Amino acid sequence: MKPTVAVVGAGILGRLISFFLIEDGHSVSLFEKNGQLPSAKDSCSLTAAGMLAPFCELEYSDPLITQMGLESIAIWEKIHKYFDYGFHFERKGSLVITHPRDQAELLKLKEIIKKNFKKPVYREEEVTKFEPFIKGFGKGLYFPFEGLVDPESFFKIYNEKYLNKFENLYFNTKVEKIGPGRVDQHLFDLVIDCRGFAAKGDLKDFRGVRGELLLIEAPEVKLNSFVRLMHPRYPLYVVPKPNGRFIVGATSLECEDLSPISVRSSLELLSAIYSIHPAFGEGRIIESRVHLRPGFIDNLPKIEAEEGLIRANGLYRHGYLVSPKLAQQVFNLVKENRSSHATFN
Amino acid sequence: MWNLFGKSLKSRLLLGTSRYPSPEVLKNSIAFSGSEIITVSLRRNSGGEGNPFWEMLNALKVNVLPNTAGCHSVEEAVTTAQMAREIFKTNWLKLEVIGDDYTLRPDPVALVEAAEILCKDGFEVFPYMTEDLVLAEKLLEAGCNILMPWASPIGSGQGIANPFALKTLRDKFPEVPMVVDAGIGSPSHAAFAMELGFDGVLLNTAVATSIDPVKMARAFALSIEGGRQGYLSGLMEKRDFAIPSTPVVGTPFWHNV
């Protein structure tokens, strides 16, 4: 008999771990404090832009993230196929651009990439060659292997096609206590805790990092792929979405504050996109989103395991980029029954 | 060892705490560099009950020097300072009042005004200033017991733009502790500041955004120590001709012409 499993947290990680387990014939029950398709306000996973940028992330992240990201993209491709291409996943590459006065940031990114990769992973060419719409930026870096997942369309297809494969679904259920083999009064052989920031009380050296982003509708603006604008304080990106919409983000602030986006951050994000193209000036601000990224002190994901309980968390800024690989690692732990007193980082 | 307002310190490196790849890298950079004073910004990251990042910094066994980075007026700076005193339980304050956003150049007029208010209110004010001599005088009159002239604009990594002015400032007030703050890009810049006789160097970007911040922090600690020892040992005066360091007895005198 395969162990019965409870997955707590139906964010991107919980959904992917469940996917691996169910495909392997496990009976899985899912607990989630929100509904099946929560608003971005209630879900870190649905706040995210869904970028798969393993190379660009090297600027601010450990090479481990790049490694996990590359493996995750391969897994995303399989998942995409599994769901009959029923959610938005693309690998059209990404473009990194910079204002002339921030050239130093671009040089630094090139240097870090050179340190980590022998083979070329980007092409340095005129920005207009890839994005004819963006003028006056000179040369940029185009990363052909990078891509995007659209979180909302993934959640939707998963709700529609996959939730029926679970043993039990406990949506809109606030879990009070998680222990080995136990979620409140429910008993299982194994409990997998992937609640993200909500697990804070149960984890050491763990905190939330505030991220703010804007959803803009600007039908005049045409972008082929997502664009990253080098910024001295945080990676700033513009991600094209269906219907002429764009996600513009994201700030990164060391505080656990969920209050609405600040005026300062709005100004920074908006002036950045306006500087990319004035046509953004005619756009409409559809909504602003604020959420807390769950992060360990080293900003790397971690799996903690004891008999009957696995905790996977710390996706930080890399939910869609690393969760397939992290989910696979959790699955391997379950499969090999190595889930006693191990910590993987 | 040096003494700063009753604290006995070994390190002359003051580190900023923003823009590190992770809090852990920041912690390790502080530990490996031996830095004993860290600055932390209250604006932007403020809000919400109990900031875990601040709690982490408070738990480190180093002196926290809160700053008013991002403040553009006397009122903002004074309010931020009072918040800082509450949160970090210290009367130390790095006073920053920005006058020009592009260069992050401090506003000297507002700086003096804010310094006067805060010194009267019991703060130990560390003013972030340009290297202007008269400004220094006014800040000392306002009650500051330490000065923090810039090397060049914040985050520029340009190093010491005006060594002559910094040297003049140093020589004019030999008794006042002075820390060079901002614009330092490489360990050699920091060493140069110390050779000029400054008491310490404050920096952030050059460490935080390097490829290996922990190693870079250590590199700065070593260069600052080297510069300090060099200053104390008395640097040789420059000459415009060569003088052999080994005896040249035995060389025919006409060969030296």
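Some observations on this one:
- Checked against (1) closer than 16 Å to A:Ser153 by Cβ; (2) part of a helix (DSSP H, G or I), A:Phe87 passes all but a single condition, namely (2).
- Given (1) open to solvent by 30 Å² or more (accessible area, probe 1.4 Å); (2) within 14 Å of another protein chain (Cβ to nearest Cβ), index of the condition B:Glu113 fails: (2)
- Filtered by the rule that a residue be in a strand (DSSP E or B) and open to solvent by 20 Å² or more (accessible area, probe 1.4 Å), the range A:141-170 gives A:Tyr142, A:Asn168, A:Leu169, A:Tyr170.
- Inter-residue pairs, beta-carbon under 9 Å, first at the interface with another protein chain (Cβ under 7 Å from one of its Cβ atoms) and open to solvent by less than 10 Å² (accessible area, probe 1.4 Å) and in the range B:15-33, second of a type in the set (A, V, I, L, M, F, W, C) and in a helix (DSSP H, G or I), 6+ apart: B:Pro23/B:Phe53; B:Pro23/B:Met56; B:Pro23/B:Leu57
- Options A:Ser262, A:Ser225: the member that is in contact with a Pro (Cβ under 8 Å, 6 or more places away or on another chain) and of a type in the set (S, T, N, Q): A:Ser225
- Options A:Glu167, A:Glu176; residue that is in contact with a strand residue (DSSP E or B) (Cβ under 6 Å, 6 or more places away or on another chain), away from chain B (no Cβ under 14 Å) and of a type in the set (Asp, Glu): A:Glu167
- Once the range B:116-133 is narrowed to residues that are over 19 Å from the mean Cα position of the chain (by Cα) and among the hydrophobic types (A, V, I, L, M, F, W, C), the residue that is surrounded by the most Cβ atoms within 10 Å (Cβ to Cβ) is B:Leu118.
- Residue match in the range A:311-320 (condition: in a helix (DSSP H, G or I) and either aromatic (Phe, Trp, Tyr) or more than 14 Å from chain B (Cβ to nearest Cβ) (or both)): yes
- Contact map, the range A:101-124: residues that are more than 10 Å from chain B (Cβ to nearest Cβ) paired with residues that are open to solvent by 100 Å² or more (accessible area, probe 1.4 Å), Cβ distance under 6 Å, separation 6+ or inter-chain. Pairs shown: A:Glu124/A:Lys139.
- The listed residues are A:Asn299, A:Asn313, and the only one of them that is at pLDDT 95 or above, crowded, with 16+ Cβ neighbours inside 10 Å and closer than 19 Å to B:Glu24 by Cα turns out to be A:Asn313.
- Any hit, the range A:112-131, residues being open to solvent by less than 30 Å² (accessible area, probe 1.4 Å), in a loop (DSSP other than H, G, I, E, B) and at positive phi: no
- Qualifying residue in the range B:211-230 (condition: at pLDDT 95 or above, closer than 30 Å to A:Leu58 by Cβ, open to solvent by 80 Å² or more (accessible area, probe 1.4 Å) and among the hydrophobic types (A, V, I, L, M, F, W, C)): yes
- When each of A:Ser27, A:Ser18, A:Ser61 is tested for being of a type in the set (Gly, Ala, Ser) and surrounded by fewer than 21 Cβ atoms within 10 Å (Cβ to Cβ), the lone residue that passes is A:Ser27.
Matching residues to (1) of a type outside the set (A, V, I, L, M); (2) crowded, with 18+ Cβ neighbours inside 10 Å; (3) within 14 Å of chain B (Cβ to nearest Cβ); (4) in contact with a Leu (Cβ under 8 Å, 6 or more places away or on another chain):
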residue: A:Val227; (1), (2), (3), (4): no, yes, no, yes
residue: A:Pro232; (1), (2), (3), (4): yes, no, yes, no
residue: A:Pro235; (1), (2), (3), (4): yes, yes, yes, no
residue: A:Pro242; (1), (2), (3), (4): yes, no, no, no
residue: A:Phe246; (1), (2), (3), (4): yes, yes, no, yes
residue: A:Cys255; (1), (2), (3), (4): yes, yes, yes, no
residue: A:Pro260; (1), (2), (3), (4): yes, no, yes, no
residue: A:Leu269; (1), (2), (3), (4): no, yes, yes, yes
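- Scanning the range B:64-108 for residues that are touching a residue at least 40 places away in the same chain (Cβ under 8 Å), open to solvent by 30 Å² or more (accessible area, probe 1.4 Å) and not in a loop (DSSP other than H, G, I, E, B) yields B:Met83, B:Ile87, B:Arg105.
- Any hit, the range B:174-188, residues being open to solvent by 40 Å² or more (accessible area, probe 1.4 Å) and within 14 Å of another protein chain (Cβ to nearest Cβ): no
- All conditions but one from (1) assigned to a loop (DSSP other than H, G, I, E, B); (2) at pLDDT 95 or above; (3) of a type in the set (Phe, Trp, Tyr) apply to B:Phe192; the one that does not is (1).
- Condition check for A:Glu212 on (1) touching a Leu at 6+ places or on another chain (Cβ under 6 Å); (2) modelled with pLDDT of 90 or more; (3) open to solvent by less than 30 Å² (accessible area, probe 1.4 Å): one failure, at (1).
- Neighbours by Cβ (under 6 Å, 6+ apart or cross-chain): first from the range A:247-262, assigned to a loop (DSSP other than H, G, I, E, B); second of a type in the set (Ser, Thr, Tyr) and open to solvent by 30 Å² or more (accessible area, probe 1.4 Å): A:Ile261/A:Ser288
- Just one of (1) surrounded by 18 or more Cβ atoms within 10 Å (Cβ to Cβ); (2) more than 14 Å from chain A (Cβ to nearest Cβ); (3) part of a loop (DSSP other than H, G, I, E, B); (4) not basic (Lys, Arg) fails for B:Ala161. It is (1).
- Within the option set A:Lys222, A:Lys204, A:Lys174, being surrounded by fewer than 19 Cβ atoms within 10 Å (Cβ to Cβ), at pLDDT below 90 and part of a loop (DSSP other than H, G, I, E, B) holds for one residue only, A:Lys222.
- Failed condition for A:Lys135, given (1) in contact with a helix residue (DSSP H, G or I) (Cβ under 8 Å, 6 or more places away or on another chain); (2) open to solvent by less than 80 Å² (accessible area, probe 1.4 Å): (2)
- Any chance B:Ala136 is open to solvent by less than 10 Å² (accessible area, probe 1.4 Å) and within 18 Å of the chain's Cα centre (by Cα): yes
The values are calculated or read from the model by the stated rules, or taken from the named source; none is laboratory data. Quick caveat: nothing in here was measured; it's all calculated off a predicted structure. With ideal geometry, Cβ positions are generated from the backbone for all residues, glycine too; neighbour counts draw on all protein chains shown. All accessible areas refer to the heavy atoms of the entire protein, side chains included, with ligands and DNA or RNA removed. Shrake-Rupley method; radii C 1.70, N 1.55, O 1.52, S 1.80 Å.
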